[in-house]
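Engineer: The structure under discussion is supplied below as structure tokens; questions concerning it will follow.
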Amino acid sequence: MSRAILYASRDPDILYWPNRRWEKMFLHNTTFERDGVNDIDARTLWHYQAIVVSPNLVSTTPGQGTAYLTAFRDNKGEYLDGGKRYRLRVPANPPVKRFWAISVYDPTTRSLLDVGGNVNKSVGSLDNPLVNADGSVDVYFGPKALNGKEKNWVPTNPNKGFFVVFRFYGPLEGYIEKTWVLNDFELMK
């Protein structure tokens, strides 16, 4: 039941942007209460994928706290597959005071995805990724890096699915007001 609540939520409020696949990790708040009732599905959603609860995780004060979004599916609605290659185009000027980062996780264990060895499983603004002429950043996911794109590559395990968490450290107005919109994953040929 916990897996169904997390990976196939039916809650109409789960999507952060109505026309994207990015989902909230907290549905409404960090107390898991709504209209005076304990929201057991919202509590399960968070605690099945994470542990610590803090009001700073849903801060609406620009530049304070953190914000997390998660994605399980690509732009066509298909679950992310570690044997395939994807591109995520992060639009220019991510609305963060400190930095942003994206990491891959194992849907079975909910821990960082095991890709063998001591391999970096994330890309973020502190990694000085390659930046496109328009200021956007293409992050690539797959079992092998594209030539020349290794700095922007997050490895996946070809024998497993995966999901991602995009972290905003010190989210700013563009995130809070939803005027900056993160693209969905695109399957590459």
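Engineer: What tally of residues in the stretch 121-149 results from selecting those that are out of contact with any Ser or Thr (no Cβ under 6 Å at 6 or more places or on another chain) and within 16 Å of residue 88 (Cβ to Cβ)?
Structural biologist: Number of matching residues: 18.
Engineer: I need the full set of residues from the stretch 100-119 which are assigned to a loop (DSSP other than H, G, I, E, B) and either touching a Pro at 6+ places or on another chain (Cβ under 6 Å) or closer than 18 Å to residue 72 by Cα (or both), in order please.
Structural biologist: Result: 106, 107, 108, 109, 110, 111, 113, 114, 115, 119.
Engineer: When you scan the stretch 16-30, how many residues do you find that are modelled with pLDDT of 80 or more and more than 15 Å from the chain's Cα centre (by Cα)? If you could, list the steps in order and put the result at the bottom.
Structural biologist: Quick first cut of the stretch 16-30, residues modelled with pLDDT of 80 or more only: 16-24.
From the residues that got through so far, the ones that are more than 15 Å from the chain's Cα centre (by Cα) too are 18-19.
Residues meeting the conditions: 2.
Engineer: With 170, 174 as the choices, which residue is assigned to a helix (DSSP H, G or I), of a type in the set (Gly, Ala, Ser) and touching a residue at least 12 places away in the same chain (Cβ under 8 Å)?
Structural biologist: Of the residues listed, the single one that is assigned to a helix (DSSP H, G or I), of a type in the set (Gly, Ala, Ser) and touching a residue at least 12 places away in the same chain (Cβ under 8 Å) is 174.
Engineer: Just to be sure I understand the filter: pairs with C-beta atoms under 8 Å, separated by 6 or more residues or on different chains, first member in the stretch 136-152 and within 19 Å of residue 103 (Cβ to Cβ), second member part of a helix (DSSP H, G or I) and modelled with pLDDT under 95. Which pairs pass?
Structural biologist: 151/127
Engineer: Name the residues in the stretch 133-145 that are at pLDDT 95 or above and loosely packed, with under 13 Cβ neighbours inside 10 Å, would you?
Structural biologist: Once the filter is applied, which keeps residues that are at pLDDT 95 or above and loosely packed, with under 13 Cβ neighbours inside 10 Å, the stretch 133-145 yields 133, 134, 135.
Engineer: State the number of residues belonging to the stretch 146-162 that are among the aliphatic types (A, V, I, L, M) and either surrounded by 19 or more Cβ atoms within 10 Å (Cβ to Cβ) or outside any loop (DSSP other than H, G, I, E, B) (or both).
Structural biologist: Counting residues in the stretch 146-162 that are among the aliphatic types (A, V, I, L, M) and either surrounded by 19 or more Cβ atoms within 10 Å (Cβ to Cβ) or outside any loop (DSSP other than H, G, I, E, B) (or both) gives 1.
Engineer: Taking the criterion of being touching a Gly at 6+ places or on another chain (Cβ under 7 Å), hydroxyl-bearing (Ser, Thr, Tyr), closer than 25 Å to residue 130 by Cβ and in a strand (DSSP E or B), would at least one residue in the stretch 63-71 satisfy it?
Structural biologist: no
Engineer: Report the residue count in the stretch 72-81 for those that are outside any strand (DSSP E or B) and surrounded by fewer than 17 Cβ atoms within 10 Å (Cβ to Cβ).
Structural biologist: 4
Engineer: Can you find even one residue in the stretch 104-120 that is of a type in the set (Phe, Trp, Tyr) and at pLDDT 95 or above? Give the derivation first.
Structural biologist: Restricting attention to the stretch 104-120, the residues satisfying the condition of being of a type in the set (Phe, Trp, Tyr) are 105.
Right, trim to at pLDDT 95 or above and you get none.
No, the stretch 104-120 has no match at all.
Engineer: Taking the residues in the stretch 120-145 that are small (Gly, Ala, Ser) and part of a strand (DSSP E or B) as candidates, determine which candidate is farthest from the chain's Cα centre (by Cα).
Structural biologist: The qualifying residue farthest from the chain's Cα centre (by Cα) is 142.
Engineer: Related question: Could you look through the stretch 1-15, keep only residues that are free of Cβ contacts under 8 Å to residues at least 24 places away in the same chain and of a type outside the set (A, V, I, L, M, F, W, C), and pick out the one that is surrounded by the most Cβ atoms within 10 Å (Cβ to Cβ)?
Structural biologist: Across the stretch 1-15, the extreme among qualifying residues is 13.
Engineer: Condition first: over 14 Å from residue 85 (Cβ atoms), of a type in the set (Asp, Glu) and either surrounded by 14 or more Cβ atoms within 10 Å (Cβ to Cβ) or touching a helix residue (DSSP H, G or I) at 6+ places or on another chain (Cβ under 6 Å) (or both). Now tell me which residues in the stretch 163-188 satisfy that.
Structural biologist: Passing the criteria: only 184.
The values are calculated or read from the model by the stated rules, or taken from the named source; none is laboratory data. Just so we're clear, the structure is a prediction, and the values are computed from it rather than from any experiment. So basically every Cβ, Gly included, is an ideal-geometry build from the backbone, and we count neighbours across all protein chains shown.
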